[in-house]
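J.: Just passing along the structure, written as structure tokens.
Readers should treat all values here as calculations from the given coordinates under stated rules, not as data from a laboratory. Predicted model only: the values in this text are computed from it and were never measured. Note that we place each Cβ from the backbone using ideal geometry, even for glycine, and neighbour counts take in every protein chain shown.
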Amino acid sequence: MRYLAISILSIHLLFGFWTSNAIAQPAEPQASLQSGSPMVKTTEPVSADEVPALTMPGEPIALANAAEVPTSAPGAAVPIPPTTADFMATSMSRSEEAAPPMTSSAPLTEPTLVNALQISSGDTAWMLTATALVLLMTIPGLALFYTGMVRKKNMLGTIVHSFVSVCIATVLWVMIGYSIAFTPGSPYLGGFDRMMLEGMSFLKEAGQLTVHHLAPSIPESVFVMFQMTFAIITPALITGAFAERMKYSALLLFIAFWSVLVYAPVAHWVWEPTGFLAAMGVLDFAGGTVVHINAGVSGLVAALIIGPRLGFGKEPMPPHNLVLTVAGASLLWVGWFGFNAGSAVAADGRAGMAMLTTQIASAVAALSWMCAEWVRRDKPSVLGLVSGAVGGLVAITPASGFVGVSGAVAIGLAAGIACYWGATSLKAMFGYDDSLDVFGVHAIGGIVGALLTGVFAVKNIGGMDASLAKQAFGVVVTVLYSGVMTALILGMINALIGLRMTPEQEREGLDLELHGEHVI
């Protein structure tokens, strides 16, 4: 047995020495890895657009043919086998050659099929997170925020407005909204060649996928989904203006027509480089004009056309559960970081600045609303504090990627006072029933933010010059278009099926009369 053991050990040592020499002097590179395809062994030199495969510890190593291995001269040093670190260093250097920086190529002007190596995993991870945060703003954020402010008999009927907005806007965004909003076309509408997301591709085996020209470092599918969440929350915001009195069937039609005829065109004007407002230099980083002014003005028009709730101004209509409202506002605040910081479409310093200015402005606005209410009414209300925070979030939205800390403080201070005035004095002055202060918070806050973007924008942060006159022009155009189109859509729906519940249904409440359910 002793001799047998010695023989096996000798054979093992001899084989180990032979393999070391075989690996140490390979005649040619052994393998290459092309993006999206399995590893393929080859005896051809590795080209600049191929990424060499790594041999990791524990993996089998391809051996060179023994006949091809040159013998060492007597007395020559035995070559040391390459280590994993050597392979990794080679891989990194060749990967850098294979994926040149995006700045080396001409800027994209339309959605384009590119090599998967151009995608940034960091940017993509952040944008997936930001997308989830923005969706969180609608469900459950906005749903809870609105539901807590209505009367108990209308809880389910109100919360379902936000939920069904998610469903309708999602389908329409895929069908036609994205194509209208974010593809090149005329200055007023995008093209129609991306309907049903036609042309959006992910080719795993070929290592290719499409990117949008506004977000070349992330997959187009992620950009589509991120922008979809904006298209979702905007019509959901409008529903707060006519809460507790609109027919459910009319609501569904309104969300559908408004999403296609109002939201998508305005998004094209402001965010697509070929849009006429974008071309003239109107700035809206994350939706002050596209989302908040658009929704707030439409909400006011809807409230005026549908009319006030039964008993409005004559009987008290206090919120039934402010705990839900505070919880919803808190979720909105957290989700807003995806809204604003996500609009940088990259995990970079601008996203960080947008997050910081968002936090500062919302906190300042909450305090300024609270102080204004405290002075005027002797008591600071919980509803006022959270409404002020939302007003600050709204106002900083268009400016978040363009202003610094001092600009964020100024915008927050102005927004808190202006939104408090809009939700109390302005509404009382004209007597309209904007149930949940959509116009007072979102339109007023959005207008303040859009205008002050032209005052406080810093070119070194946003890279663009700002103009108060251009910002004012963008506000006026959006107010007029949104108001007129909303009136036309509501007029058409009223002629077809009617807009309002009957007085008997309104007294009983949305929950029982429209949905056959109620909260105990």
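J.: What does the C-alpha gyration tensor say about the overall shape of the range 366-520? Classify as rounded when a/c is under 1.5, otherwise prolate if a/b is larger than b/c, or oblate.
T.: Oblate, because a/c is 1.5 or more while a/b does not exceed b/c.
J.: Let me know the Kirkwood hydrodynamic radius for the range 356-456, please, with Cα pairs as the basis and the value in Å to one decimal.
T.: Radius from the Kirkwood sum: 12.9 Å.
J.: When you take every Cα atom in the range 101-198, what is the radius of gyration, and what is Dmax, the widest Cα pair distance, in Å?
T.: 18.7, 61
J.: Would you mind putting 108-119, 214-225 in packing order, based on average other-beta-carbon counts within 10 Å, highest first?
T.: On the way: 108-119: 16.3, 214-225: 21.3.
Highest mean packing first, the order is 214-225, 108-119.
J.: Sticking with this one: By average Cβ neighbour count within 10 Å, what is the ranking of 193-204, 233-244, 418-429 from highest down?
T.: 233-244, 418-429, 193-204
J.: Kirkwood-based Rg over Rh for the range 300-353 (C-alpha set), two decimals? Mind showing how you got there, number by number?
T.: Working: Rg = 18.6 Å, Rh = 14.9 Å.
We get a ratio of 1.25 for the range 300-353.
J.: Where the only charges are on Cβ atoms (+1 Lys, Arg; -1 Asp, Glu), what is the dipole of the range 427-520 about its Cα centre, to the nearest 20 debye?
T.: 700 debye
J.: Limiting things to C-alpha atoms, what are the Rg and the maximum Cα-Cα separation (Dmax) for the range 185-338, in angstroms?
T.: Answer for the range 185-338, Rg first and Dmax second: 19.1, 68 Å.
J.: Still on this model: Assign one of three labels to the range 247-385, namely rounded, prolate or oblate, based on the Cα gyration tensor with a ≥ b ≥ c the square roots of its eigenvalues; rounded applies when a/c is under 1.5, prolate when it is not and a/b is larger than b/c, and oblate otherwise. Walk me through the numbers on the way to the answer.
T.: On the way: a/c = 2.16, a/b = 1.19, b/c = 1.82.
Note, shape of the range 247-385 comes out oblate.
J.: Further question on the same structure: Dimensions of the range 211-265 along principal axes (Cα, Å, largest first)?
T.: The Cα atoms of the range 211-265 stretch 45, 17, 15 Å along the principal axes, largest first.
J.: If the reach is capped at under 28 angstrom between alpha carbons, list the lysines near LYS152, excluding any in the same chain fewer than eight residues apart.
T.: LYS247, LYS314, LYS379, LYS427
J.: Oh, and also: About the Cα centre, and with charges only on the beta carbon of Lys, Arg (+1) and Asp, Glu (-1), how big is the dipole of the range 121-242? Nearest 20 debye, please.
T.: Charge dipole, the range 121-242, about its Cα centre: 680 debye, nearest 20.
J.: Between the range 220-235 and the range 407-483, what is the C-alpha centre distance in whole Å?
T.: 23 Å
J.: Let me ask something else. Using alpha carbons only, how many angstrom separate the centre of the range 178-204 from the centre of the range 260-331?
T.: Centre-to-centre distance over Cα atoms comes out at 25 Å.
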